[in-house]
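Single-structure report; data block below.
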Amino acid sequence: MKNTVRTFAEMKERGEKISMLTCYDYSTAKLQEKAGINAILVGDSLGNVMLGLPDTLSVTMEDMITFGHAVARGCHDTMVVIDMPFMSYQVSIEQAVTNAGRLMKEGRGNAVKLEGGAAVCPQIRAITDAGIPVMAHLGMTPQSVNSLGGNRVQGKNEEAAKQLIDDALAIEKAGAFSVVLECVPAKLAALITKKLTIPTIGIGGGAGCDGQILVYQDMLGLFSDYTPKFVKHFGEVGAAMEAAFAAYVKEVQAGTFPDDAHSFKIDDDVMERLY
Ligand SMILES: Nc1nc(=O)c2c([nH]1)NC[C@@H]1CN(c3ccc(C(=O)N[C@@H](CCC(=O)O)C(=O)O)cc3)CN21
Ligand SMILES: CC(C)C(=O)C(=O)O
Ligand SMILES: [Mg+2]
């Protein structure tokens, strides 16, 4: 049986930390599942790390479905959450439910995630009522980068902090099963975590959250367009890949690859007749 919404609730109750990573492809999903990850997010950050875009705004439903389905094929026991892309849920409740449904039917996700607080509570309620679990996303919400004026920490002053707490309580009431807290001061994220019965998943939210998430290319040292303060490298995979690519180039140039072990044989008498 797949871990699911119930697993999340039980883990918070037991005080067990929830580990999440983003993922966008089949092979990486299999590795993450083998490594024991609790849940995977197919994030719209794929715009940055897979497509080389400057932000997440032009990521489409088709993008999310293509990458989502690839990840879902690699996951047998792991819950797959798929981000709802910019403008796939803001316009109307009806459109939000339709698009969440597509991410489940065509993307083969187990849950969806959308950004925002009180403003998107009607969408959270309607999608949840349709039988689709919703993860909320508060604090720094990258789809609002043009309103927020950059990818910076949120909730620093009393008014903004109170707003964040109110939004967190509202999305919980609307039926969200969990919430991402992005770029929120650690002490504020810890307070929100205490106030909520649903698990909080931090990214730049400090150790007081119920779980953590990172973009996998960030934690592997595979992405270098920018490095948010919350990113820690758990490996230097970018450097390892570059070294392997360089070794390949060198062997091809030298003619030492492929050798006999990586080539196919034909009987000598067949070759003699051909000559
Ligand atoms: N590779 C990647 N990692 C992410 O975490 C991520 C994405 N892409 N794409 C979507 C959003 C964008 N995110 C970002 C992007 C940049 C910063 C960043 O550079 N923050 C600076 C502060 C910048 C400022 O104050 O203006 C920092 O020091 O953390 C943070 C989060 C988080 N998400
Ligand atoms: C950074 C996470 C939370 C996200 O929304 C994404 O990867 O798109
Ligand atoms: Mg996202």
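The figures follow:
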| read-out | value |
| --- | --- |
| Scan of the stretch 237-265 for residues that are assigned to a loop (DSSP other than H, G, I, E, B) and open to solvent by less than 90 Å² (accessible area, probe 1.4 Å), ordered by number | G255, T256, F257, P258, D259, S263 |
| Search result, residues across the stretch 14-43 that are in contact (Cβ under 8 Å) with a residue 12 or more places away in the chain, open to solvent by 10 Å² or more (accessible area, probe 1.4 Å) and either among the aromatic types (F, W, Y) or part of a helix (DSSP H, G or I) (or both) | Y26, S27, T28, K30, Q32, E33 |
| Residue in the stretch 20-31 that is nearest to the chain's Cα centre (by Cα), counting only those that are within 16 Å of ligand 1 (Cβ to nearest atom) and under 19 Å from K113 (Cα atoms) | T22 |
| Within the stretch 111-139, considering residues that are under 20 Å from R6 (Cα atoms) and surrounded by fewer than 21 Cβ atoms within 10 Å (Cβ to Cβ), the one nearest to ligand 3 (Cβ to nearest atom) | I132 |
| Any chance N99 is away from ligand 1 (no atom under 14 Å from the Cβ) and within 24 Å of I201 (Cα to Cα) | yes |
| Condition check for S45: assigned by TED's automatic domain parsing to the domain that holds Y216, in contact with a helix residue (DSSP H, G or I) (Cβ under 8 Å, 6 or more places away or on another chain) and closer than 24 Å to C209 by Cβ | yes |
| Given (1) in contact (Cβ under 8 Å) with a residue 40 or more places away in the chain; (2) hydrophobic (A, V, I, L, M, F, W, C); (3) within 16 Å of ligand 3 (Cβ to nearest atom); (4) open to solvent by 20 Å² or more (accessible area, probe 1.4 Å), index of the condition M87 fails | (1) |
| Any hit, the stretch 162-170, residues being assigned by TED's automatic domain parsing to the domain that holds D77, over 30 Å from Y226 (Cβ atoms) and among the aliphatic types (A, V, I, L, M) | yes |
| Number of the exception - M11 against (1) open to solvent by 40 Å² or more (accessible area, probe 1.4 Å); (2) modelled with pLDDT of 95 or more; (3) more than 14 Å from ligand 2 (Cβ to nearest atom); (4) touching a strand residue (DSSP E or B) at 6+ places or on another chain (Cβ under 7 Å) | (1) |
| Of all residues making up the stretch 209-236, the number that are open to solvent by 50 Å² or more (accessible area, probe 1.4 Å) and either outside the structural domain of V153 (by TED's automatic domain parsing) or more than 11 Å from ligand 2 (Cβ to nearest atom) (or both) | 10 |
| P142 vs. criteria surrounded by fewer than 24 Cβ atoms within 10 Å (Cβ to Cβ), touching a residue at least 60 places away in the same chain (Cβ under 8 Å) and within 16 Å of ligand 1 (Cβ to nearest atom) | yes |
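The values are calculated or read from the model by the stated rules, or taken from the named source; none is laboratory data. Please read these numbers as outputs of a predicted model, since none were measured by experiment. Cβ coordinates were reconstructed from backbone atoms using ideal geometry, including for glycine residues, and neighbour counts include every protein chain displayed. All accessible areas refer to the heavy atoms of the entire protein, side chains included, with ligands and DNA or RNA removed. Shrake-Rupley method; radii C 1.70, N 1.55, O 1.52, S 1.80 Å.
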